[in-house]
């Protein structure tokens, strides 16, 4: 679901950029780049959050600035996502992803309230954090596993050397993930009540994502203010 939404939103943003670029005789979309105006329209993290557009904390997770940006994040997601799902569950994965992504952009908003940023990196670093957090419960084996996880942190830092990145969102997502991985038990919930709770949280997460994009769509044709 996460991958499908991410790809669909990128396709929409590319189409909007291509249409705009064609009208302006601007080849910005030739290499898959997305214009800043389109990203802002579709829900990038921006100062508009401070005037009530809270849904941008969610929509920004699924927006990407170009092919390399989305390609790198999907590569990480395909590698890390199944590990988190197998250790915990699909319902917990959905909650972890959303909570880490939102937490990352909240820290970004605090650190740089007037900046604009997009991307799943905060949520993905949240997944890395979840795996790091749970590794503390597995003794020496966990320590070795934790060492392997640092390769992803290094990859993302290298990526950041060549492109402008939102390090506050990365730190916020990573720290939130570590806390979740350490505190939340692995596997399915042991009781039916616990399982029902996680199912409810996952449903609420999906509703929140859908609702955020619905709110974005409602203001799409309106002037930004």
Identify all residues within region 16-54 that are modelled with pLDDT of 80 or more, in a loop (DSSP other than H, G, I, E, B) and more than 18 Å from the chain's Cα centre (by Cα); write none if there are none. 33, 35, 52
Answer yes or no as to whether residue 208 is in contact with a helix residue (DSSP H, G or I) (Cβ under 7 Å, 6 or more places away or on another chain), in a helix (DSSP H, G or I), at pLDDT 95 or above and closer than 21 Å to residue 50 by Cβ. yes
Considering only region 163-193, state which residues are farther than 26 Å from residue 116 by Cα, in contact (Cβ under 8 Å) with a residue 40 or more places away in the chain and part of a helix (DSSP H, G or I). 179, 180, 181, 182, 183
Which one is surrounded by the fewest Cβ atoms within 10 Å (Cβ to Cβ) among residues in region 196-205 that are touching a helix residue (DSSP H, G or I) at 6+ places or on another chain (Cβ under 8 Å) and over 13 Å from residue 99 (Cα atoms)? 199
Taking region 86-119 on its own, how many of its residues are more than 18 Å from residue 209 (Cα to Cα), in contact (Cβ under 8 Å) with a residue 60 or more places away in the chain and in a helix (DSSP H, G or I)? 4
Some residue of region 113-128 being at pLDDT 90 or above and either farther than 26 Å from residue 5 by Cα or more than 22 Å from the chain's Cα centre (by Cα) (or both): yes
Quick check, is residue 165 surrounded by 13 or more Cβ atoms within 10 Å (Cβ to Cβ) and under 27 Å from residue 55 (Cα atoms)? yes
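The values are calculated or read from the model by the stated rules, or taken from the named source; none is laboratory data. Since we're looking at a predicted model, the values are computed, not measured. So basically every Cβ, Gly included, is an ideal-geometry build from the backbone, and we count neighbours across all protein chains shown.
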